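Input: a single structure, listed below in structure tokens.
The values are calculated or read from the model by the stated rules, or taken from the named source; none is laboratory data. These figures come from a predicted structure and were not determined experimentally. Glycine gets a Cβ as well: all are built from the backbone with ideal geometry, and neighbour counts include every protein chain shown.
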Amino acid sequence: MSELRDPAPGAAAAAAPYDALLLLSFGGPEGPDDVVPFLENVTRGRGIPKERLKEVGQHYFLFGGVSPINDQNRALLDALRKDFADNSLDLPVHWGNRNWAPYLTDTLREMVAEGHRRIAVLTTSAYASYSGCRQYRENLAEALATLEAEGLAVPRVDKLRHYFNHPGFVRPMIDGVLASLAELPEDVRAGAHLAFTTHSIPTAAADTSGPVEEHGDGGAYVREHLDVARVIADAVRAETGVERPWELVYQSRSGAPHIPWLEPDICDHLEALHGAGAPAVVMVPIGFVSDHMEVLYDLDTEATAKAAELGLPIARSATVGADPRFAAAVRELVVERAAIERGQPAQRCALGALGPSHDLCPVGCCPAARGAAKPAAAGADSPYA
């Protein structure tokens, strides 16, 4: 397993040509009055009645109408700024969201006013899919079009590559599994199964995730998750001496019931494991960067309640969040991409069998399932080169 390395000499200039980093995330409500407006932003154009949105928002109301994602992004911002400063990487870090304040367009407008013209973008989604990659790129294109219409300078934005298999993202999850195993009662620990969880998406969207040559059979989305799960399971076996059964399962399904989505659901999986005699389970949310609402509700609330109902000992391992190793990984990704943009050799860290992801999303990568294709920035088909 490769490890994170110290920055090379001359780190102060290692980010050139980039003059800023943008942390681009989903956003979430920060109080009860925000929940329905936030969900209106998320579902804009789908014609969902407000009463239905109030029903959907019950998950948020259970937690006071506050999603933890914004505070988690603030913590990640602090971690990134500290890591950059400690390693003499002179690169300001800004934050914008797709669906709630601080809004992406407002943040880009502020960055342009500060003189930023070449921006690296980190999204809080590690894997390939429409909702996890191209939709962010569409939001970037829409924001840039707004700046252009306002007569402002349009910056160049480059999305950093998928980091699902970067050591700084994977190693904290390995440690999280080891810590969760230690929390289980000793008499069931050795037999515990690992349930790697990620967001379910329509099977049609999964099949067309990633570059065109990777489409089909779950596409890049499923392959990337399976590769990371295998790396973590192998590392846990190496460090504990125990071979543990594991499976990739899904959570947070939404949408019409007649449309096929990736399965099995985590709660169904827990029932199946209990029926098969599994003594305990560790849930490993590899599909999520931080402990946002879908982790708190779907795993810590719903799945944990299901396990209690079954009498099945369970633990949930930590997401990466603002782990300093993840902040260091982001620095490495910025320095790596900057070197490539300068035409220089770059060290591209990756674990597992798939290797480092592409830097520039190719044409046909992660298309939308419905409607005409929208302009998307930071890809081979970007209208803003």
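Answer with yes or no whether Ala238 is at pLDDT below 95, among the aliphatic types (A, V, I, L, M) and surrounded by fewer than 22 Cβ atoms within 10 Å (Cβ to Cβ). Judged against the criteria, Ala238 is not a match.
When the helices (runs of 4 or more DSSP H) confined to region 109-195 are screened for residues that are closer than 22 Å to Leu360 by Cα and hydrophobic (A, V, I, L, M, F, W, C), those reaching at least 2 such residues are found at 135-149. Scanning region 274-303 for residues that are under 20 Å from Leu178 (Cβ atoms), of a type in the set (A, V, I, L, M) and out of contact with any Gly (no Cβ under 8 Å at 6 or more places or on another chain) yields Val281, Val282, Met283, Ile286, Val295, Leu299.
For region 333-385, the candidate set comprises residues that are closer than 18 Å to Asp19 by Cβ and touching a Pro at 6+ places or on another chain (Cβ under 8 Å); within that set, the residue that is surrounded by the most Cβ atoms within 10 Å (Cβ to Cβ) is Ala377. Restricting region 176-186 to residues that are surrounded by fewer than 17 Cβ atoms within 10 Å (Cβ to Cβ) and in contact (Cβ under 8 Å) with a residue 60 or more places away in the chain leaves a set whose member that is nearest to Cys349 (Cα to Cα) is Leu178. Does Leu273 satisfy the condition of being surrounded by 19 or more Cβ atoms within 10 Å (Cβ to Cβ) and touching a Phe, Trp or Tyr at 6+ places or on another chain (Cβ under 6 Å)? No: the conditions fail for Leu273.
If you check Gln72, Gln58 for being surrounded by fewer than 13 Cβ atoms within 10 Å (Cβ to Cβ) and not hydrophobic (A, V, I, L, M, F, W, C), only one passes: Gln58.
Count of region 337-362 residues, restricted to those that are part of a loop (DSSP other than H, G, I, E, B) and either over 15 Å from His166 (Cβ atoms) or among the hydroxyl-bearing types (Ser, Thr, Tyr) (or both), is 7. The condition (being in the same structural domain as Thr304 (by TED's automatic domain parsing), of a type outside the set (A, V, I, L, M) and under 21 Å from the mean Cα position of the chain (by Cα)) is satisfied by just one residue among Thr240, Thr197: Thr197. Within this structure, Ala126 fails the test of being hydrophobic (A, V, I, L, M, F, W, C) and over 28 Å from Gly355 (Cα atoms).
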